[in-house]
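Trainee: Once you've had a glance at the structure underneath, I'll fire off some questions.
The values are calculated or read from the model by the stated rules, or taken from the named source; none is laboratory data. None of these values were measured; they are calculated from a predicted model. Here the Cβ positions follow ideal geometry from the backbone for every residue, glycine too, while neighbour counts run over all protein chains shown. Surface accessibility is based on the protein's heavy atoms, side chains included, excluding ligands, DNA and RNA. Shrake-Rupley method; radii C 1.70, N 1.55, O 1.52, S 1.80 Å.
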Amino acid sequence: MENIRLDFEKTEGLIPAIVQDAESKQVLMLGYMNEEALEKTKSTGRVTFFSRSKGRLWTKGETSGNFLNVKKVLVDCDRDTLLVYVDPVGPVCHTGADTCFAEENSSKTFFIDTLRKTIKDRKNNPSDSSYTASLFAKGINKVAQKVGEEAVEIVIESKDDNKELFLGEAADLLFHYLVLLEAKGYELDEVMEVLMSRHKG
Ligand SMILES: [Zn+2]
């Protein structure tokens with residue numbers, strides 16, 4: 001976080017900090033930080049609030065071990081609210097729930113975005129040891145052929161009842177499908193747009 005001056009005066013010393021999972025984008029909790037709590041959050045890399053009930057700095061997870069590891073801190077347009085992106089260690093709420101709003105934070109579909117970015121990076125910054133980079137190097141025919149092969153393999157596995165093998169082929173197909181999109185220079189978002197335009201609620 002750059003050294004943007006926060007408007008602590010407007011909020012009488014305490015600034016609300018919205019805590020969000022950096023990967024799933026799930027809102028996890030809300031807490032308050034004074035200047036000292038924000039400093040400690042930045043210097044330790046673990047979210048520290050000023051606890052109004054305890055009347056002191058409180059590092060989330062200091063007793064439970066369920067720390068919130070800081071990924072990024074953003075300041076809002078009025079400089080009086082923080083958005084803290086974290087990687088949570090374990091459930092966030094003292095009740096044992098994933099979030100303080102009793103929501104689940106278990107969706108793993110967000111990982112497709114990480115994968116997509118990694119594939120793009122392998123294309124733009126190829127290394128000899130990367131399988132993905134080697135696919136791009138072989139050209140579009142090879143990439144398309146791989147998608148075809150993986151499609152056939154999942155068809156074959158779908159006729160059996162081996163969960164592990166089927167999921168393995170499903171992962172292979174999805175991965176090579178993403179590589180094909182990247183090789184063609186299209187974004188997954190563009191495919192989503194097509195699907196959304198077809199989706200009638
Ligand atoms: Zn809670």
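Trainee: Find the Cα radius of gyration of segment 90-132, compare it with 2.2 N^0.38 Å by division, and give the number to two decimals.
Mentor: Taking the Cα Rg and dividing by 2.2 N^0.38 Å, one obtains 1.85.
Trainee: Now a separate question. Ignoring ligands, DNA and RNA, what percent of the accessible area of segment 16-173 is carbon or sulfur (1.4 Å)?
Mentor: Exposed carbon and sulfur together represent 52 percent of the surface.
Trainee: Residue-wise, which Karplus ³J(HN,Hα) couplings in Hz belong to segment 19-25, taking 6.51 cos²θ - 1.76 cosθ + 1.60, θ = phi - 60°, and x for glycine or proline?
Mentor: 3J(HN,Hα) across segment 19-25, in whole Hz: 10, 10, 5, 5, 9, 7, 6.
Trainee: Roughly how many debye, to the nearest 20, is the charge dipole of the chain about its Cα centre, given +1 on each Lys and Arg Cβ, -1 on each Asp and Glu Cβ, and no other charges?
Mentor: 340 debye
Trainee: List the trypsin sites (Lys or Arg not before Pro) within segment 123-177 that DSSP assigns to loop and that have no more than 12 neighbouring Cβ atoms inside 10 Å.
Mentor: Loop-located and lightly packed - 159.
Trainee: On C-alpha positions alone, give me the angle between the axis of helix 35-44 and the longest principal axis of the chain, in degrees, nearest 10.
Mentor: 40 degrees
Trainee: Next question. Just flag the GluC sites (Glu not before Pro) in segment 10-99 sitting in loop per DSSP whose Cβ has no more than 16 other Cβ atoms within 10 Å.
Mentor: Sparse-neighbourhood loop GluC sites (Glu not before Pro): 12, 62.
Trainee: Give me the Å³ per residue figure for the convex hull around the C-alpha atoms of segment 103-201.
Mentor: That works out to 157 Å³ per residue.
Trainee: Quick one: helix 188-198 against the long Cα principal axis of the chain, what's the angle to the nearest 10°, folded into 0 to 90?
Mentor: 80 degrees
Trainee: Rank 82, 30, 167 by mean-square fluctuation in a GNM of the chain with C-alpha springs under 10 angstrom and give only the top-ranked residue.
Mentor: Greatest mean-square fluctuation among the candidates belongs to 167.
Trainee: Mind scanning 40/72; 117/184; 25/108; 10/60; 25/60; 108/159 and naming the pairs with a C-alpha gap bigger than 23 Å?
Mentor: 10/60; 108/159, as the Cα separations exceed 23 Å there.
Trainee: What percent of all Cα-Cα pairs in segment 64-151 falls in each 5 Å bin, counting up from 0?
Mentor: In whole percents, the pair-distance histogram is 3, 11, 11, 14, 14, 11, 9, 10, 10, 5, 1.
Trainee: Also: Treating only the Cα positions of the chain as identical point scatterers, give the base-10 log of I(q)/I(0) from the Debye formula at each q in 0.08, 0.09, 0.18 Å⁻¹.
Mentor: Once normalised to I(0) and log-transformed, intensities are -0.44, -0.54, -1.14.
Trainee: On a 0 to 90 degree scale, rounded to 10, what angle separates helix 111-124 from the longest Cα axis of the chain?
Mentor: Helix 111-124 sits at roughly 70 degrees to that axis.
Trainee: Do any trypsin sites (Lys or Arg not before Pro) in segment 5-64 lie in a DSSP loop with no more than 13 other beta carbon atoms within 10 Å, and if so, which?
Mentor: 5, 10, 25, 52, 54
Trainee: Then there's this: Based on DSSP, what percent of beta bridges with both residues in the chain are antiparallel, to the nearest 5?
Mentor: That works out to approximately 80 percent antiparallel.
Trainee: Skip the ligands, DNA and RNA, and give the accessible area per residue of segment 41-117 with a 1.4 Å probe, whole Å².
Mentor: I get 59 Å² per residue for this part.
Trainee: Which values of log₁₀ I(q)/I(0), to two decimal places, follow from the Debye formula for segment 40-106 at q = 0.21 Å⁻¹ with a uniform point scatterer at every Cα?
Mentor: -0.99
Trainee: Counting only helical runs of four or more DSSP H residues, what would the 222 nm mean residue ellipticity of the chain come to if each run contributes -39,500 (n - 2.57) and the total is spread over all its residues?
Mentor: My calculation for the chain gives -13500 deg cm²/dmol from helical runs alone.
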